[in-house]
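Undergrad: Quick one: structure below, then a few questions.
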Amino acid sequence: MAYEIVMPQLSDSMNEGKLISWKVKAGDSVKSGDVIAEVESDKAIMEVQTFKDGIVQELKISEGDTAPVGSVIAVIEDNSTATVEKAEVKKPKTEPKPKEIKTVKESIKKEPEISQDIVEKRRDIKIEIEGMASPRAKALAGQYGIDIVTLQKEGRLPKPTHTQDIKEFIYKRYFTPKALKVVRDYELDYDAFALNHKYRYDEVMRYIEDNDIAMPKPLSTMQKAVIDTVTKAQQKPVYHIYDFIDATLLQEYSSEDKSITVWLLKIFAQAMMDIEQFRSRLLKESIQIYPNASISLAMANGEALYMPVFRDINLKSSDEIAKELAYMKQKLKEGRVSADDLRGSTFGISNLGMTGIERFDAMINADDSGIAATGAIKNGKIAVTLTIDHRLINGWQGAVFMQRLKELAKNEDIFKG
Amino acid sequence: MSKVEMLYREALNRAIDEAMSSDSNVVILGEDVGLYGGSYRVSEGLVAKYGEDRVIDTPIAELSIVGNAVGMAIGGLRPIAEIMTANFALLAFDQIINHMAKYRYMSAGKITLPVVVRFPQGVSRQLAAQHSESYEQMLSAVPGVRVLAVSSVNYAYHALKRAIFSDDPIIFIEHELLYNKKGIVDFDEEIDIFKANIVKEGSDITIVSYLKMVDDVIKAVPEIEQKLNKSCEVIDLQTLNPIDFETIKKSVEKTGRVVIVEEDHYTGGYGSQIASFLAEKLFYTLDAPILRIAGEDTPIPYNRKLELASIPTPESIANRVTQWGESNGL
């Protein structure tokens with residue numbers, strides 16, 4: 001029995017995934033639970049496991065390829081008796097399949113009557129002759145003095161030859177491999193060159209510098225997700241509330257193990273428990289109100305910006321929160337943040353206090369009702385900017401929330417738990 | 001006011017209504033166009049507004065409907081002749097081809113024929129072989145008449161209004177499944193009714209189609225684009241005679257690959273005219289064999305499954321184009 005592994009859906013918004021690396025190759029035997037690949041969704045890199053024992057028969061896509069959710073990416077022969085020798089191993093296809101040869105003669109032999117079958121075949125007559133190429137490819141080849149017949153005999157051009165094949169040939173003929181890589185990276189057209197000799201890397205680079213050509217760099221899945229989120233945030237009807245909270249206790253109780261962020265999470269969770277609008281999420285026709293306070297926290301790792309979610313903070317002690325925070329940082333470093341880590345919040349915090357920034361405002365994450373931007377401690381105070389979605393929380397509720405934060409920051413009971 | 005959403009049949013009704021109110025020479029005649037409001041409700045409400053002298057119910061006699069229209073046109077009126085379906089129009093072919101199409105030529109231009117002959121055609125739902133056919137290939141081969149194939153709501157309004165005020169006879173082909181199609185009419189738009197419309201732009205494959213097949217192509221395009229990782233340009237011909245070769249040429253020079261989709265039978269189908277033009281005039285720009293997707297060479301079956309199997313559907317279009325692309329270097 002062949003067992004198909006499909007591109008998993010790692011988040012609600014994921015439509016396609018990029019295969020980062022294969023952990024197995026065709027012919028390998030695998031056990032249930034083995035990691036066979038790493039896939040990048042719109043949010044994170046995740047591992048793909050097999051749930052059956054067997055032998056990897058075929059890898060359908062190559063590293064770096066993108067495939068839609070639900071499409072087959074690998075096939076595993078799960079016959080427990082199969083051995084490496086027995087299993088028919090297919091490699092990802094690299095060469096075009098040989099074309100079927102059908103001639104007119106063959107398709108009409110024996111049958112004197114014109115059956116529907118023959119009419120069908122006549123529509124798809126296939127002939128293969130030397131120098132077979134599309135008219136457009138032939139015209140292009142003629143222009144550059146490319147001999148299709150000879151090249152096809154030598155197996156250097158496919159049969160039939162299309163325009164794209166001739167273009168590839170021109171690139172290879174006039175550019176060294178290193179130069180060609182640059183040409184590809186910069187998406188240059190060969191028409192820009194005189195094509196009177198083989199171009200070297202430095203010649204192409206000089207052309208790029210002289211003409212001030214920018215290198216196109218495709219957006220990563222992560223960048224696309226961030227762009228999508230902030231663009232959506234921009235469309236939300238928001239207002240801001242600016243105030244300060246007292247930092248005396250925050251400073252007093254913060255330590256190496258328990259950063260100010262831990263206490264901020266705790267204070268915000270308590271305020272969210274007091275005002276239910278901050279635990280709500282807007283759907284098409286209704287509002288969902290969650291029983292516990294789950295907070296998304298902006299965390300950066302190099303180029304990547306994540307908003308991992310710390311769940312049910314109101315039920316957790318500061319020790320537990322500190323542990324979770326440290327664990328998430330570790331995951332971030334190792335690129336192991338999963339789509340599940342990014343779900344389920346109703347409010348966000350972005351803390352740039354450690355950078356010395358005094359005051360800023362933040363963009364609301366995904367479906368959150370709002371976000372708080374917290375700055376550095378100055379004169380014993382921390383500036384807090386609330387950015388709030390007015391569809392869920394009105395100005396009065398926002399002000400009450402800010403008031404509550406100020407009270408809680410001064411309430412020693414909070415810092416006991 | 002300038003842009004209004006309406007149904008295809010409402011757009012046609014609006015065009016006739018506006019033409020009748022602006023010119024008292026405009027009349028409409030056909031089976032059930034009056035009290036019943038037209039088999040597809042295109043002439044709904046017109047008899048109450050303009051009376052039985054201008055909205056004329058006729059006997060079931062197609063030859064006489066078009067014959068009368070031709071006579072009215074010679075006498076100075078601007079008649080719109082409605083025929084219930086393309087198969088019934090066969091009875092009127094003598095009037096259409098021998099009379100309507102020829103008089104201007106044979107009278108050395110002294111007689112003009114401002115007639116519009118409207119009828120729906122194509123496969124609807126289980127109307128069987130005698131009520132489901134398409135005759136655009138025959139009619140567009142007749143010199144002296146112009147043939148329009150109306151797929152978009154906006155074009156329906158503008159083209160019918162322009163056709164009514166044209167001094168030459170026009171065959172105005174509608175499709176049975178399009179009457180309830182929704183679309184937006186832009187009343188201020190100035191359109192050339194003898195130009196094709198690029199419904200969707202793309203760079204790798206040109207798909208040429210007309211009438212209802214345009215909608216089916218648009219449904220098939222996302223799957224094709226996803227499977228081949230190429231982009232499709234979709235052209236709605238709109239005018240079958242004259243053909244807007246210029247628009248097709250521009251597109252094919254860009255893409256080098258053409259698919260022609262028609263509901264009509266494959267053999268002798270209208271698409272073969274487009275294929276012939278491509279092979280004759282654009283041979284050196286083609287980068288793949290032309291693909292024609294058409295109906296089977298069989299009378300349209302009554303059985304729903306067979307009926308659908310006999311014509312292109314969004315699924316079959318997507319499959320055929322994908323296969324063709326894969327075996328031709330895409």
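Undergrad: Could you count how many residues in the stretch B:263-289 are of a type in the set (D, E) and within 19 Å of the chain's Cα centre (by Cα)?
TA: 2
Undergrad: Additional query: Return a yes/no flag: does the stretch B:61-80 have any residue that is open to solvent by 10 Å² or more (accessible area, probe 1.4 Å), free of Cβ contacts under 8 Å to residues at least 24 places away in the same chain and touching a Ser or Thr at 6+ places or on another chain (Cβ under 8 Å).
TA: yes
Undergrad: If you scan the stretch B:159-184, which residues turn out to be surrounded by fewer than 22 Cβ atoms within 10 Å (Cβ to Cβ) and in contact (Cβ under 8 Å) with a residue 60 or more places away in the chain? Even if it seems obvious, please write down each step before you answer.
TA: First, the residues of the stretch B:159-184 that are surrounded by fewer than 22 Cβ atoms within 10 Å (Cβ to Cβ): B:161-162, B:165-168, B:176-177, B:179-184.
Correct list: B:K161, B:F165, B:D168, B:E176, B:Y179, B:N180, B:K181, B:K182, B:G183, B:I184.
Undergrad: Right, another one. Residues in the stretch A:293-315 that are open to solvent by less than 40 Å² (accessible area, probe 1.4 Å) and in a loop (DSSP other than H, G, I, E, B): how many?
TA: Residues in the stretch A:293-315 being open to solvent by less than 40 Å² (accessible area, probe 1.4 Å) and in a loop (DSSP other than H, G, I, E, B): 5 in total.
Undergrad: Looking at A:K25, A:K18, can you tell me which residue is modelled with pLDDT of 80 or more and more than 15 Å from A:P68 (Cα to Cα)?
TA: Sole residue among the options that is modelled with pLDDT of 80 or more and more than 15 Å from A:P68 (Cα to Cα): A:K25.
Undergrad: Give the stretch B:11-30 a look and list any residue that's open to solvent by 10 Å² or more (accessible area, probe 1.4 Å) and over 20 Å from B:V150 (Cα atoms), or say none.
TA: B:S21, B:S22, B:D23, B:S24, B:N25
Undergrad: If you don't mind, another one. How about the stretch B:127-156: which of its residues are hydroxyl-bearing (S, T, Y) and over 13 Å from the mean Cα position of the chain (by Cα)? Before you say what the answer is, go through the steps one by one.
TA: First, the residues of the stretch B:127-156 that are hydroxyl-bearing (S, T, Y): B:132, B:134-135, B:140, B:151-152, B:155.
Within the stretch B:127-156, B:S132 is the sole residue that qualifies.
Undergrad: Find all pairs meeting these conditions: Cβ atoms under 6 angstrom apart; at least six residues apart or on different chains; first residue within the stretch A:148-174 and among the charged types (D, E, K, R); second residue in a helix (DSSP H, G or I).
TA: These pairs meet every condition: A:K159/A:Q152.
Undergrad: Whether any residue in the stretch B:204-211 is surrounded by 17 or more Cβ atoms within 10 Å (Cβ to Cβ) and among the aromatic types (F, W, Y) is what I want to check.
TA: There is at least one residue in the stretch B:204-211 that is surrounded by 17 or more Cβ atoms within 10 Å (Cβ to Cβ) and among the aromatic types (F, W, Y).
Undergrad: Oh, and also: State the number of residues belonging to the stretch A:115-135 that are more than 9 Å from chain B (Cβ to nearest Cβ) and at pLDDT 90 or above.
TA: 1
Undergrad: Got a number for residues in the stretch A:206-222 being farther than 30 Å from A:L342 by Cβ and surrounded by fewer than 14 Cβ atoms within 10 Å (Cβ to Cβ)? Before the answer, list the steps.
TA: We begin by selecting, within the stretch A:206-222, every residue farther than 30 Å from A:L342 by Cβ; these are A:206-215.
So of that shortlist, the ones also surrounded by fewer than 14 Cβ atoms within 10 Å (Cβ to Cβ) come out as A:206, A:209-215.
So the answer is 8.
Undergrad: Exactly one of (1) farther than 23 Å from B:A89 by Cα; (2) outside the structural domain of B:I293 (by TED's automatic domain parsing) is unmet by B:V142. Its number?
TA: The single condition B:V142 does not satisfy is (1).
Undergrad: State all residues of the stretch B:210-248 that are touching a helix residue (DSSP H, G or I) at 6+ places or on another chain (Cβ under 9 Å), closer than 19 Å to B:A156 by Cβ and part of a helix (DSSP H, G or I); if no residue qualifies, say none. Step through it out loud before you land on a result.
TA: Keep residues of the stretch B:210-248 that are touching a helix residue (DSSP H, G or I) at 6+ places or on another chain (Cβ under 9 Å), which gives B:210-211, B:213, B:215-224, B:227-228, B:230-241, B:243, B:245, B:248.
Then keep just the ones that are closer than 19 Å to B:A156 by Cβ; that gives B:210-211, B:213, B:215-218, B:234-241.
Selection gives B:M213, B:D215, B:D216, B:V217, B:I218.
Undergrad: Among residues belonging to the stretch A:136-151 that are in contact with a Gly (Cβ under 7 Å, 6 or more places away or on another chain) and within 14 Å of chain B (Cβ to nearest Cβ), point out the one that is farthest from A:N196 (Cα to Cα).
TA: A:R136
The values are calculated or read from the model by the stated rules, or taken from the named source; none is laboratory data. None of these values were measured; they are calculated from a predicted model. Note: ideal-geometry Cβ built from the backbone for every residue, glycine included; neighbour counts use all protein chains shown. We work out accessible area using only protein heavy atoms, side chains counted, and drop any ligands, DNA or RNA first. Shrake-Rupley method; radii C 1.70, N 1.55, O 1.52, S 1.80 Å.
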